[in-house]
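S.K.: Have a look at this one.
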Amino acid sequence: MAVDISDLLERGALTMDDDVSFRTHVEVARLFGFEYKGHQQATIRLDEHTDVWFPKLFANRDWINALSPEGLEITMRPADGSQYGHRMETTRREDVIAFGKEGPSGDYRFLGVFRFNPLRSNDEEWVFDRIAASITLGGEERFGYQDGALRAGQDDLTAEAAPVNPDLVREFDQRIPEGQFAVEDREVLTRTRGSARRSFAEEVKSNYQWTCALTGIGTRAFLVASHIVPWSEDTSIRLDPSNGICLSTFVDRAFDAGYLEITPDGVSRVRWERVGDDAPLREELSRFDGVALARPQAGAPDPEKLRRRVELGY
């Protein structure tokens, strides 16, 4: 079914379940705020980490692209005699928002968001794994997607290392003192999540004077601002300092993976039933069983959020 771009932008989202097709690159480009008169290249650069990609999923003289039967993987390699084969050695992509074309006269359909897999790729074949089945849209180069390659919203350490936009960091920094903690999904840009996490992390860590609330570690490279209620669970408190605790990386991982619980009264408890027979792990975690968290200067962990985390199954 042909699509009305305005309707998609008004709705603010596109999913693989939508029965829509796009006749040209130009129609797809409008989703991201580009008004082209024509476009023939295989990609549209959105930012330093993300491209829109138009893979031809049929025999052609340049590329052999194949979508797996489950739609979870795209492989790409140059056809024999392709004039573009050298690009396999000089170009690398990270995330691609794919709109595939199954025949010379067919339309383009949204295939999902895929991430380049360096472990399975080489200079002769690239492999992309699907990480998202939907995208949010806002026009004017505003877009986003929920990365399914990780447990959504749970890996704070990874998120803090994500690319940021300095202007967005300043904007989020201004929101926090004003009590504006929401970061809506429709607001998300490619680098919004990293920028929001950066602002949140700086606020939480400074509240704890850049010291882990359990171990006392103060080396900044080992500190993480851990969300209590995960990022993906509630858009309204994504920047709320009372929804965060400054932890060292090992403790953050234990908390993140459910081996360590923090009670509403601020005491850490090891979930021994999850530890199993790993004796070194038991020894390390035993040091944190029944330990009270250090109190921050401001934004103490909200007991209701700690209780809610457990109710959510984390």
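The values are calculated or read from the model by the stated rules, or taken from the named source; none is laboratory data. Values in this document were obtained by computation on a predicted structure and should not be read as measured data. Quick reminder, even Gly has a Cβ in these numbers, built from the backbone with ideal geometry, and neighbours come from all protein chains shown.
S.K.: Would you confirm whether or not the range 262-272 contains a residue that is surrounded by fewer than 20 Cβ atoms within 10 Å (Cβ to Cβ), at pLDDT 95 or above, of a type in the set (Ser, Thr, Tyr) and touching a helix residue (DSSP H, G or I) at 6+ places or on another chain (Cβ under 8 Å)?
M.R.: Among the residues of the range 262-272, at least one is surrounded by fewer than 20 Cβ atoms within 10 Å (Cβ to Cβ), at pLDDT 95 or above, of a type in the set (Ser, Thr, Tyr) and touching a helix residue (DSSP H, G or I) at 6+ places or on another chain (Cβ under 8 Å), which makes the answer yes.
S.K.: Sticking with this structure for a sec: Based on what the data block shows, is residue 97 in contact with a Phe, Trp or Tyr (Cβ under 9 Å, 6 or more places away or on another chain) and either free of Cβ contacts under 8 Å to residues at least 24 places away in the same chain or not polar (S, T, N, Q) (or both)?
M.R.: It is true that residue 97 is in contact with a Phe, Trp or Tyr (Cβ under 9 Å, 6 or more places away or on another chain) and either free of Cβ contacts under 8 Å to residues at least 24 places away in the same chain or not polar (S, T, N, Q) (or both).
S.K.: Sort out which residues of the range 233-264 are in a helix (DSSP H, G or I) and within 16 Å of residue 312 (Cβ to Cβ), and write them in order of number.
M.R.: Selection gives 233, 235, 236, 237, 243, 255, 256.
S.K.: Quick check: is even one residue across the range 4-14 of a type in the set (Val, Ile, Thr), in a helix (DSSP H, G or I) and more than 23 Å from residue 129 (Cα to Cα)? Even if it seems obvious, please write down each step before you answer.
M.R.: Within the range 4-14, the first condition is being of a type in the set (Val, Ile, Thr), and the residues that meet it are 5.
Filter again for in a helix (DSSP H, G or I), leaving 5.
Within this subset, residues satisfying the condition of being more than 23 Å from residue 129 (Cα to Cα) are 5.
Taking every residue of the range 4-14 in turn, at least one turns out to be of a type in the set (Val, Ile, Thr), in a helix (DSSP H, G or I) and more than 23 Å from residue 129 (Cα to Cα).
S.K.: Yes or no: the range 222-232 includes at least one residue that is surrounded by fewer than 21 Cβ atoms within 10 Å (Cβ to Cβ), part of a helix (DSSP H, G or I) and at negative phi.
M.R.: The answer is yes, given that some residue of the range 222-232 is surrounded by fewer than 21 Cβ atoms within 10 Å (Cβ to Cβ), part of a helix (DSSP H, G or I) and at negative phi.
S.K.: Looking only at residues that are assigned to a strand (DSSP E or B) and more than 15 Å from residue 55 (Cα to Cα) in the range 106-136, which one is modelled with the lowest pLDDT?
M.R.: That would be 136.
S.K.: Residue by residue through the range 13-35, note down the ones that are hydroxyl-bearing (Ser, Thr, Tyr) and over 19 Å from residue 45 (Cβ atoms).
M.R.: Selection gives 15, 21.
S.K.: Please state which of the following conditions residue 103 fails to meet, knowing it meets all the rest: (1) surrounded by 11 or more Cβ atoms within 10 Å (Cβ to Cβ); (2) part of a loop (DSSP other than H, G, I, E, B).
M.R.: Here residue 103 meets the rest and fails (1).
S.K.: A follow-up question, please. Under 8 Å between Cβ atoms, at least 6 apart or on separate chains: pull out the pairs that start in the range 27-38 with a residue that is under 14 Å from residue 54 (Cα atoms) and in the same structural domain as residue 136 (by TED's automatic domain parsing) and end on any residue that is among the acidic types (Asp, Glu) and surrounded by fewer than 17 Cβ atoms within 10 Å (Cβ to Cβ).
M.R.: 29/35
S.K.: Hey, another quick one. If I filter the range 172-203 down to residues being among the small types (Gly, Ala, Ser) and over 18 Å from residue 224 (Cβ atoms), which single residue comes out as modelled with the lowest pLDDT?
M.R.: Per the stated criteria, the residue is 182.
S.K.: So which pairs qualify, if the first residue must be in the range 299-314 and closer than 9 Å to residue 244 by Cα, the second must be of a type in the set (Ser, Thr, Tyr), the Cβ gap must be under 6 Å, and the two must be at least 6 apart or on different chains?
M.R.: 299/242; 302/242
S.K.: How many residues, within the range 278-298, are closer than 17 Å to residue 246 by Cα and among the small types (Gly, Ala, Ser)?
M.R.: Of the residues in the range 278-298, 3 are closer than 17 Å to residue 246 by Cα and among the small types (Gly, Ala, Ser).
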